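Just below is one structure, and these are the notes that go with it.
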Amino acid sequence: MTKKNLLTTAMLLLGIVSAKAERDTTVSQNLAGVEVIGVYNSMASEKLRVVYSISKEQISALPVQDINELLDYLPGIDVRQRGANGVQADLSMRGGTFDQVMIMLNGVNLTDIQTGHYSLDLPILLSQIDRIEVLQGASVSLFGLSAFSGAINIITGQSADNHSKMSLTMGENSLFLPTAKLNVGYKKWLFSGAASHSSSDGYMQNSDYKNNNIFLQANFRDKKTGKLNVQLGLQTKDYGANTFYSANYPNQFDATKTLIASVQAEKNFGNFKIDLSAFYRRHHDRFELFRDSKNLDGTPAAAWYKGHNYHLTDVTGGNIKGAYYSKIGHSAVGVEVRNEHIFSNVLGDKLDNPKKIPLEQTDTNFIYGKNRLNINYFAEQEFIFAKFSASLGVSGNYNTMFGNNFAFGANLGYEFKQGLLIYANINRALRLPTFTDLYYKSATQQSNPDLKPEHSLTAEIGLKVNHKGFYAGLTAFYRSGRGIIDWIRFSSDSTVWHSMNYTKINTLGGELSIGYQWNKWIKTVDLSYSYINSDKKMDGFLSLYALDYLKHKITAKLEHKIYKNFGATWQYTFQVRNNSNSALTDYKPFGLFDGRIYWQNAHLNVFLDANNILDTKYHDIGGIEQPGRWVKCGVGYLF
């Protein structure tokens, strides 16, 4: 679709629906905080640490079409896009790496065990999301050890009304994105499902993609019986991966399939509550260094190229958590058993008997594999005395590869009055190496199977204010990291990256956010700033990930009315990245300006988006140029 045709279509849609403007419907928003309701509890007490929340209403007003873009708008989060519109992105927080963030869907840990590059392979639509919680820093009460620098919890299935919704988004570069969603309530059950297809020819050669999602969920709620949540999702992706992992090979390609399933139950027995869950995640990928065994110009691949890489990971587990509530607070204990397995033709230990690769037409077999069992457990006590809140907790992990490891946390909060509180905490965290860290080998990468878990100790202090539409937050932290896992390239070796536990990395940082909401012409104004600095210097080496962090990030957002049902949202983001890998890209500071103009009533929603309005040239990851200006328009109808 050309720019002219796209803009003409958008104006026609806006013109048609403006004739119905007399059916004005006000959509209320509350950016200051979101009440935690329904089946799922908040990841952590907001009186003891930073927990950002963003609601369905806020999401619907933003100029985004996928989770990757949405998370990039949030304070303190670094989303490094490889491909546009949800193709692939690396998510990091507080100067950590993309392997140090836990990704959860309705409280189920879906972090990828092969590599964090695939942790955002989630089979859900933006329209299904009721709330996203962002936890900065570690928490002992989170199962697993992936929440080294933070965690994201995406919550769906909270809407109790019967409805169905259809939408279509189109745009430049042949963008095509139809979606369908259905919610049905029956007695004490709520069933929901959604499906989508997204495709584009791409913004440069070999950046095309086709993504498909389907997600089904069932919730049961009863005061006597308890609560039950069942979720099942499937995603497939096929995308050109131009220079994703090496600037020397622009014709890379990736095809992934993700299956998730879980069952969660919750039951109260007076002051005692018990939570049970069982979960499964399978991820399959085929990586082609030479797409269709060809170079970008169509010539045959290099003679040394013997074939594609195939990986299949399975994570199976279950957990149980109990909590007792009293006048002074609550006590909680929990244990989780989690089995992690991989089959691959490049990762793991040599198999006695090769395995056939499913879902692929290839003569290649899985010749490597690895299995490791995790037992995670924690105990935490939270106290409430008048205006004081506090918690103490310990957690542990037994892993068949790495033995026993332990962590702890201590948190303290004081609420001067409603809406004004100060908090401080100290937490120890650790992360196990991924299978890629341990086993990946290529002409340019040399892994280390003797890697050990990385550790950190983080101290934090913060202040939060929420009063009559005004809200603000200020926090500062210091993280002492030990044995941090990174891929290092020494100056004397110009070709090979080595994975290793790279000594000590100490990080100082902070975040400031401030905003106000009105019910008049201006709906909301938000401003945030985050700062990160590491004391590690790059003397004689290059760091591929650990020192390639976002040093400064400024975000500013304005949402306002235009006329009756018309409104607009504008977002500006400014980034300065610490350059630890000048061999790939000399990162330059850049700013991005995005906008959405929309019209909506109780049933119909029409929007016109423009991303990167100023057509800024920029890189999130070394060597991978990001899209210029991209105009999109869409319409959705709620039945």
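Computed from the coordinates by the stated procedures, all read-outs in this text should not be read as laboratory data. Values in this document were obtained by computation on a predicted structure and should not be read as measured data. Here Cβ is always computed from backbone atoms with ideal geometry, including for glycine, and neighbour counts include all displayed protein chains.
A few notes on this one:
- Where trypsin sites (Lys or Arg not before Pro) fall in DSSP loop in the range 461-532, at most 10 other Cβ within 10 Å: 468, 520
- Each Lys and Arg adds +1 at its Cβ and each Asp and Glu adds -1 at its Cβ; summed about the Cα centre, the chain shows a dipole of about 1420 debye.
- Once both labels are positioned 7 Å from their Cα atoms along Cα-to-Cβ, the gap between residue 406 and residue 282 label points is 3.9 nm.
- Residue among 317, 413, 89 farthest towards the positive dipole end of the chain, charges placed on Cβ: 413
- Cα gyration tensor, the range 97-150 - rounded (a/c under 1.5), prolate or oblate: oblate
- Gyration tensor (alpha-carbon) shape descriptor, the range 72-217, a/c threshold 1.5: oblate
- Distance-filtered residues of the range 401-419 - backbone nitrogen under 13 Å, label point 7 angstrom along residue 467 Cα→Cβ: 416-419
- Overall form of the chain per C-alpha gyration tensor (a/c, 1.5; a/b vs b/c): rounded
- Exposure rule at most 16 other beta-carbon atoms within 10 Å, DSSP loop GluC sites (Glu not before Pro): the chain longest free segment: 36-359
- At most 14 other Cβ within 10 Å, DSSP loop - chymotrypsin sites (Phe, Trp or Tyr not before Pro), the range 415-512: none
- Sparsely packed loop sites in the range 110-207 (the trypsin sites (Lys or Arg not before Pro) outside DSSP H, G, I, E and B with at most 10 other Cβ atoms within 10 Å) comprise 187.
- Neighbour-count order for 363, 314, fewest beta carbons within 10 angstrom listed first: 363, 314
- Taking 17 Å as the straight-line reach from the Cα of residue 370, the lysines in range (excluding those fewer than 8 positions away in the same chain) are 350, 355, 356, 441, 452.
- Order of 204, 166, 93, 102 - criterion: other Cβ atoms within 10 Å of each residue's Cβ, fewest first: 166, 204, 102, 93
- In the chain, a dipole from Cβ-located charges (positive for Lys and Arg, negative for Asp and Glu) runs towards its positive end, and of 374, 152, 575 it is 152 whose Cα lies farthest in that direction.
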